[in-house]
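Input: a single structure, listed below in structure tokens.
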Amino acid sequence: MSELLDQLNEPQREAAACTEGPVMIIAGAGSGKTRTLTYRIAHLLELGVDPFRILALTFTNKAAKEMRDRITKLVGNEAKNLWMGTFHSVFARVLRAEATKLGFTSSFTIYDTDDTKSAIKQVVKLLNLDPKTYKPSYVQSRISMAKSNLLSPKDYMENPEIYQTDIDSKRPAIGQIYQLYDQRLRNSNAMDFDDLLFNMNILLRDFPDVLLKYQQRFQYIMVDEYQDTNYAQYLIVKKLAARHQNICVVGDDAQSIYAFRGANIQNIFNFKRDYPEMQLFKLEQNYRSTKTIVQAANSIIGHNRDQIQKELWSDNQEGSLLRLVRADDERDEGMRVADAIQNYRLGQDADYRDFAVLYRQNSLSRSVEDALRKMNIPYKIYQGISFYGRREVKDVLAYLRLAVNPYDDESLARVINYPARGIGQTSMDRIRVAAADNEIPIWTVLENIGTFGLPINSGTVQKITEFVYMIKRFESQVPTTDAFSLAKQIVYASGIVKALREEDDPECAERIDNIDELLNGVQEFCESDPEPTAEAEKPEPTDGEPKLRTLDEFLQQVLLYTSEDKEKDDNADKVSLMTIHAAKGLEFPYVFVIGMEEQIFPSFMASSRAELEEERRLFYVAVTRAEKQVTLSYAQSRFNNGQRMGGEISRFVEEIDDQYIEMPSSRRAFPETGTLPRAFFNAGKPQPTRAAKPVAKVPQRPAVPNSPATIGSIMPGIRVQHDKFGIGKVLGIEGEGDSRKATVFFDGVGQKQLMLKFAKLTVVEE
């Protein structure tokens, strides 16, 4: 066996050495998954496998870069020729090479979530639909789910079950929106993120020669985080691997937490069904956490019925028990967390960056933020607005995108009058109508503005003509000018920097700095080595001259940054606050999980065993982020939908074996609040205790005036309140007498069907 693999433990080495045929590696939390995958690829290269024939798919650019860097250190620059990246980035490269087969050009634009929502908003307006009913975020999620399941607009509209769901939600036109949105994308020579997978499937399905080409090219395929794949990703991988069958998937069913994004845990459960000859390897040694944390995590996930059996273990020190904190309310919970962080920091000589506060829902962060600010503890909200999501950066990117693809309607709408150049909203509305009536892109109307007979004054026509000329001038330089030179020219010719300097806003200096930082990023890109292209299996010889890096290549990289790839502030000495979903893949010495109450965690939306098991997997992920200490907290009462509600401790806390958690006998009957030391977990140092205080009964104050309602008074159209779901509107009634059911759409929760006999609804007086 290779000396290279001697650096791995026995299970890791066996998994990395097994290169032929189907392989599944079940990698428990902190068990060296990335290390094993990295060494497996390095081992293939050491055996003489052509790097151009290795495809490695990840879910984040960060993971792909980390692996490529590690492989480069192990085997040298051959790692740069690997086909390695996210599903979206790799398949975008293939689609650009094969774009004409699908009716696109190779310079198609990739729409991010904001672009998608903006386009949907325009379609809703065009169809004269109520924007409050057809909110872009809801419509986008429906379209995204359809594409993830490979349903075209035609498939969507012809599916009676889907149509009935839309009718029940009072949104029967979503299929029509989907159809027009899809047409709008094609007119704009654009694809959204879901299209990169959807269209890749079409390419492999409808063009056998293309399928054969990439089956032959990719002799070895590896997929990271396989438990997070959706149906579209699953099918692509299965088709590509069908020829050589050298497919290796790595993942952990216990960390499958993205069903809301379309991830299908059955993909990992059914791998043996798809590949009966597959070999299974389990990585069960945890290198991250203490023995106590690992054993507690095992006791948590052991309550799930659907799982691939494994037993995580650790050779690390025993460590402290998990700690359980009960607070009076959310404000007290925030103060206890802030106190604990400060005490740990002083007592354990820790940095602020060593701490993470995790929560099931974003709204829970407010009380912790308030407490941290009061105690002058620096913190950051992980996955806030990313660098590429900032307004001024998106404005510049819109100009760059137009230079590459003038048919991009969303970029066009964003900057045609920014900076202000006298092209008003009324004129643009008339131009949009002309484009829709003639089923042509907006850019085509602008290019021929004088031929449509639009009621637009001559001054505006002149401004439009100047704008079109400017964009065409940029476009003509894309193939022959390096990305940095052209981007710099566009930034200053567009007038964005000049406009920011003229604004009377102290934040404008920072915005200009952000634009400069974007240009720095373009320059770094131009100086970097290009990735393998889909057109050729080997890079073309350069005769010693560096390859010209063009603007369209840069945009392909930037627009495929995933939500996990954030700004360069990760090493700042600040406490990290984030949802548990955002914490996956991260680790911290000290982890606090707040809001451990029924209806919050597990979420009240978990109404089936499958949903409850995903919630439990989410808790497992939260606990296994910690290296040294886990602290769980819950509040006796908390504001919810304008009312103060009593809090019941989460069943997940009760499921932890007593031997792994502090105060196990008190979980059902705690001492009076306030009798514990404020910082009772401070490195064993004695602390003064607070005097016990009486717990006042909190009155149940309704958010709005209401009156009790009998079953007969609940009618469609009225507003009602429910103890758990809050305030909503009755959409419909069915049944008779005691069997009457109400379909209610609750604000912030969604649609529910309730038996009126038991629902205890209250009519809201408006």
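Taking H placed 1.01 Å from N in the peptide plane, check which residues at least 5 places from L632 or on another chain put their amide H under 5 Å from its amide H. Hits under the 5 Å cutoff: R323, L324, V325, V593. Oblate is the label for the chain. Its Cα gyration tensor axes, ordered a ≥ b ≥ c, give a/c of at least 1.5 and b/c at or above a/b. Shown for the stretch 409-470: the carbon plus sulfur share of the solvent-accessible area, taken with all protein chains present and a 1.4 angstrom probe, equals 49%. In this structure the stretch 482-528 gives 52 Å² per residue of accessible area when probed at 1.4 Å with all protein chains present. Across the stretch 133-147, coupling constants 3J(HN,Hα) worked out from phi with the 6.51/-1.76/1.60 Karplus curve, θ = phi - 60°, read 6, 9, 5, x, 5, 5, 4, 4, 5, 5, 5, 4, 5, 5, 5 Hz, and Gly and Pro carry x.
Dividing the helix sum by the residues of the chain, where each DSSP H run of 4 or more adds -39500 (n - 2.57), gives a mean residue ellipticity at 222 nm of -12500 deg cm²/dmol.
Loop-located GluC sites (Glu not before Pro) in the stretch 302-336 (DSSP state other than H, G, I, E, B) with a sparse environment of at most 11 neighbouring Cβ atoms within 10 Å: E311, E318. Surface composition of the stretch 168-322: carbon plus sulfur atoms contribute 46% of the solvent-accessible area (1.4 Å probe, protein chains only, all chains present). Here K488 is the anchor, and the aspartates and glutamates within straight C-alpha reach of less than 15 Å, apart from those fewer than 8 places off in the same chain, are E392, D395, E475, D513, D516, E517, E524, D552. When the solvent-accessible area of the stretch 84-157 is split by element, carbon and sulfur atoms take up 52 percent of it, the probe being 1.4 Å.
Rounded to the nearest Hz, the phi-derived 3J(HN,Hα) couplings of the stretch 447-459 under the Karplus curve 6.51 cos²θ - 1.76 cosθ + 1.60 (θ = phi - 60°) are 4, 10, 4, x, 9, 9, x, 6, x, 10, 5, 5, x, where x marks glycine and proline. Using a cut-off of 32 Å between Cα atoms, the listed pairs K238/K380; K101/K154; K135/K380 include K238/K380 as exceeding that distance. The local environment of K472, defined by Cβ-Cβ distances under 13 Å, has a net charge of -2 under the rule Lys, Arg +1 and Asp, Glu -1. Listed cross-link partners K33/K73; K80/K272; K80/K291; K125/K394 are compared with a 28 Å cut-off, the Cα-Cα value being larger for K80/K272; K80/K291.
Couplings for the stretch 41-50, taken from phi via the Karplus curve 6.51 cos²θ - 1.76 cosθ + 1.60 with θ = phi - 60°, read 5, 4, 5, 4, 5, 5, 6, x, 5, 5 Hz in order; Gly and Pro are left as x.
Here each label is just a point 7 Å from Cα along the line to Cβ, and for M605 and D206 those points are 3.4 nm apart. Name the residue farthest towards the positive end of the dipole of the stretch 214-370 from the options N246, G347, F281, assuming +1 on Cβ of Lys and Arg, -1 on Cβ of Asp and Glu, about the Cα centre. Result: N246, furthest along the dipole toward the positive end.
Taking trypsin sites (Lys or Arg not before Pro) that fall in a DSSP loop and have at most 10 other Cβ atoms within 10 Å as cut points, what is the longest piece of the chain between them? Counting only loop sites that pass the neighbour cut-off, the longest clear stretch is 306-567.
For the stretch 233-371, the solvent-accessible area works out to 41 Å² per residue, with a probe of 1.4 Å and every protein chain left in place. Between S485 and N448, the simple label model (points 7 Å from Cα in the Cβ direction) yields a spacing of 3.5 nm.
The values are calculated or read from the model by the stated rules, or taken from the named source; none is laboratory data. Predicted model, so just to flag it, every value in this text is computed and none were measured. Glycine gets a Cβ as well: all are built from the backbone with ideal geometry, and neighbour counts include every protein chain shown. Calculation scope for accessible area: heavy atoms of the full protein, side chains included, ligands and nucleic acids excluded. Shrake-Rupley method; radii C 1.70, N 1.55, O 1.52, S 1.80 Å.
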